[in-house]
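Peer 1: Quick one: structure below, then a few questions.
The values are calculated or read from the model by the stated rules, or taken from the named source; none is laboratory data. This is a predicted model, so every value here is computed, not measured. Counting neighbours? That spans all protein chains shown, and the Cβs are built from the backbone with ideal geometry, glycine included.
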């Protein structure tokens, strides 16, 4: 069952539609002609209980049954049948079920609500080009009064179109600002509209309850201060509100005064930047496939450039004529040119050969950025193209995995933080650097990390080796050390530590107790060293 197929079952109102030429619904206020210099009028279309509407359609439930949508153990929306049983928004799950044992509970899902509401937005865009979705179930649009002969007539056309789409409970509000228009829509009846006269938003809002601001903390505070209506809040001096409630409070104060200057802005459709090339008949060898992809790569880069964009991450999809599909996502240290894209297609086909003839290659941009952010620096700050071409040539001869670039990942030791990532690839599967990593050394990190720790010696004034107890206490103060077995003995100018680590204590085979130190010799050299089971090792050097 589709969403639109299920929508006609969701209302108990009559199926009678308003006539497009009707002068207004039962909640319509007479709107005098407005001058050309007046504030642009805004129309808000509200479909009540939209999370319930989307949930009933997705779960194929009956519209006559009591249904509630819950999030974090709290009811966020409920159907009309549930409200008749005493269920309300904000009620705890247990209390809602206690009021209505037959209540059907559905977990909140914003993606489901957006997907269902997209069909309503597409229908509105058939009548008005500019539609601004505010949240699932409510949107704003400019009032097409001149085209339809007036504001009530325009609201009637919108309501009629929504009924044709199967949205039976729809309400329209028209006012000078978006906030006032939304409150007007909430006062309208099903399949009707409420028009606030031009320049009358402040008077209309003044009589509304302060809870219309939908800010629980501010509303609770204002009620404790004795402010019950929006008009009372709007009467407060703007400077005092800004001092007491900050920028957000000042914005809500402007809404209460009817000074909302927001206008409806159209949705910008997503750019279709993916490019594809089809082969008829399908190709079996790599070289013809790569050669035939060159023009598609040129078109891919040119289309991005026309919009002032460049691609930094691209997905190459290769499809076979019998259903096989090879997909890989490639990254670039700067941005992809057409030659880079052709190279990635070649490398992908070489590393993952197609088991059947290839009928299509598709280039999908996963990450695009502004071309201005990747322009050449005025003083040579941009990446040298010769370096990129040289690296790309090496990858072409040795393979993309043979040329790697260093990256940093999470870890306690200097060697554990190192990671090698293929040049141009996105670093994936690395340990997160944001974790606490207790026992790790503080910055700055050493510049030279040895592939394998070197045997070392650290002794005190008495010539005995410095040790660390099980509780992390230093036994003896470092006085002299030899960081390299073939090097000289150095006097200790300064030292810091220890940073003890008790790793895998639950695993008898992998358990390890080490402690790291930073030592500075009298010659000015700085070293990162560790002691394990009484033996000293040199891990890295600070250059």
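Peer 1: Can you tell me which residues in segment 199-224 are modelled with pLDDT of 90 or more and part of a loop (DSSP other than H, G, I, E, B)?
Peer 2: 207, 208, listed by residue number.
Peer 1: Output the number of the condition that residue 142 fails; it satisfies all remaining conditions of (1) buried (at least 19 other Cβ atoms within 10 Å of the Cβ); (2) in contact with a helix residue (DSSP H, G or I) (Cβ under 7 Å, 6 or more places away or on another chain).
Peer 2: The one condition residue 142 does not meet is (2).
Peer 1: Moving on. Applying the selection to segment 117-152, what residues are in a helix (DSSP H, G or I), more than 29 Å from the chain's Cα centre (by Cα) and closer than 12 Å to residue 43 by Cβ?
Peer 2: 145, 148, 151, 152
Peer 1: Working only within segment 158-170, note down all residues that are within 18 Å of residue 145 (Cβ to Cβ) and modelled with pLDDT of 85 or more.
Peer 2: 158, 159, 160 - these are the residues of segment 158-170 that are within 18 Å of residue 145 (Cβ to Cβ) and modelled with pLDDT of 85 or more.
Peer 1: Please identify the pairs in which a residue from segment 126-140 that is at negative phi and not assigned by TED's automatic domain parsing to the domain that holds residue 184 has its Cβ atom under 6 Å from the Cβ atom of a residue that is crowded, with 20+ Cβ neighbours inside 10 Å and at pLDDT 80 or above, counting only partners at least 6 apart or on another chain.
Peer 2: So the pair list comes out empty.
Peer 1: Next question, about the same structure. Given the conditions (1) surrounded by fewer than 13 Cβ atoms within 10 Å (Cβ to Cβ); (2) at pLDDT 90 or above; (3) within 30 Å of residue 43 (Cβ to Cβ), and given that residue 230 satisfies all but one, which numbered condition is not satisfied?
Peer 2: Of everything listed in (1) surrounded by fewer than 13 Cβ atoms within 10 Å (Cβ to Cβ); (2) at pLDDT 90 or above; (3) within 30 Å of residue 43 (Cβ to Cβ), residue 230 misses just condition (1).
Peer 1: Restricting to segment 330-359, name every residue that is farther than 24 Å from residue 306 by Cβ and surrounded by fewer than 21 Cβ atoms within 10 Å (Cβ to Cβ).
Peer 2: Result: 346, 347, 350, 351, 352, 353, 355, 356, 357, 359.
Peer 1: Applying the selection to segment 48-78, what residues are part of a loop (DSSP other than H, G, I, E, B), under 19 Å from residue 168 (Cα atoms) and at pLDDT below 90?
Peer 2: Across segment 48-78, the qualifying residues are 48, 49, 60, 61, 62, 63, 64, 65.
Peer 1: Within segment 477-503, restricting attention to residues that are surrounded by 11 or more Cβ atoms within 10 Å (Cβ to Cβ) and farther than 19 Å from residue 522 by Cβ, which residue is modelled with the lowest pLDDT?
Peer 2: 503
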